[in-house]
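**Student:** I have a structure I would like to understand better, so I am pasting it below and will then ask my questions one at a time.
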Amino acid sequence: MIELREIRDSDLPVFWEHFSDPVAQHVAAVTRPYHYDRALFDAHFARILADPEVLPRTVLADGEVVGQVAVFGPQDERGVTYWIARPHWGRGIATAALAELIALEPTRPLFAHAAADNTGSIRVLQKCGFVLTGRDTIFAESRAAEIDEVSLTLT
């Protein structure tokens, strides 16, 4: 059973474990400095939790913290993001959590980006109604290389 709830301070150490997983970082491809530095991670989440424009949620599966999802950005550029711990991949958790999150967010369109080779994330987004709308090349910190990225939109 999947549940979303407001993020608690006690969730942050668990998120740090998820975000600092090198295999998950490689799959996600586009990482930020806060994926590698605990102080930056703490500062990043402090900003997220203080920003009224961000809708962040903890993802629980059978009562266990397994990830986080969020809607962020200005009204005309609202995006979604999610990170599910690697041991929980392939169980439909990301799809269920994202579906529940977008039901809470009335703004449309919503935007998302994924590494073009991250078929799991693209599949999650498409199952939630996002459609491919573009392709670009970006630098992926976790791979130290340029990669193809896809853009998706939910209208």
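The values are calculated or read from the model by the stated rules, or taken from the named source; none is laboratory data. All values reported here derive from a predicted model rather than from experimental measurement. Cβ: placed from backbone, ideal geometry, glycine included. Neighbour counts: every protein chain shown. For the accessible areas, the whole protein counts, side chains as well, though only heavy atoms, and no ligand, DNA or RNA atoms are used. Shrake-Rupley method; radii C 1.70, N 1.55, O 1.52, S 1.80 Å.
**Student:** Compute the relative contact order of the chain as a whole-number percentage, counting only Cα pairs closer than 8 Å that sit 6 or more residues apart in sequence.
**Tutor:** RCO, the chain: 23 percent.
**Student:** Still on this structure: Tell me, what ³J(HN,Hα) does each residue in region 73-84 have, in order and in whole Hz, if you take phi through Karplus 6.51 cos²θ - 1.76 cosθ + 1.60 with θ = phi - 60° and put x for Gly and Pro?
**Tutor:** Rounded to whole hertz, the list is x, x, 3, 8, 9, 4, x, 10, 9, 7, 8, 10.
**Student:** Just the Cα atoms of the chain: what Rg and Dmax do they give in Å?
**Tutor:** Answer for the chain, Rg first and Dmax second: 14.6, 38 Å.
**Student:** Given the DSSP H assignment, sum -39500 (n - 2.57) over each helix run of at least 4 residues in the chain and divide by its residue total; what's the result at 222 nm in deg cm²/dmol, nearest 500?
**Tutor:** Working: 5 runs with 49 residues, N = 155.
Theoretical 222 nm ellipticity from helices: -9000 deg cm²/dmol.
**Student:** Output wanted: per-residue J couplings in Hz (rounded whole) for region 37-52, from phi through Karplus 6.51 cos²θ - 1.76 cosθ + 1.60, θ = phi - 60°, x for Gly and Pro.
**Tutor:** 9, 4, 5, 5, 4, 4, 5, 4, 5, 4, 5, 4, 6, 8, 8, x
**Student:** Further question on the same structure: Could you provide, to the nearest whole Å², the per residue accessible area of region 67-155 with probe 1.4 Å?
**Tutor:** Result: 50 Å² per residue.
**Student:** Additional query: Can you check what the net charge comes to around Ala116, using other residues whose Cβ is under 15 Å from the Cβ of Ala116 (Lys, Arg +1; Asp, Glu -1)?
**Tutor:** Its environment carries a net charge of -2.
**Student:** Another question about this same structure. What residues have an amide H closer than 5 Å to that of Ala140, excluding those fewer than 5 places away on the same chain, when H is modeled at 1.01 Å from N in the peptide plane?
**Tutor:** Ala145, Glu146, Ile147
**Student:** Quick one: 3J(HN,Hα) in Hz for region 125-140, Karplus 6.51/-1.76/1.60 with θ = phi - 60°, rounded, Gly and Pro as x.
**Tutor:** Rounded to whole hertz, the list is 4, 5, 5, 8, x, 6, 10, 5, 10, x, 8, 8, 10, 9, 8, 9.
**Student:** Find how much the distance from Gln126 to Ala43 grows on full extension, using 0.36 nm per residue of separation minus their present alpha carbon separation; answer in nm with one decimal.
**Tutor:** Gain on extension, Gln126 to Ala43, equals 26.7 nm.
**Student:** Give me the percent of the accessible area of region 41-145 that comes from carbon and sulfur atoms, probe 1.4 Å, all protein chains in place.
**Tutor:** C and S fraction of accessible area: 54 percent.
**Student:** Turning to a different aspect of this structure: Given DSSP loops and a limit of at most 13 other Cβ atoms within 10 Å, what is the longest stretch of the chain that contains no such trypsin sites (Lys or Arg not before Pro)?
**Tutor:** 9-90
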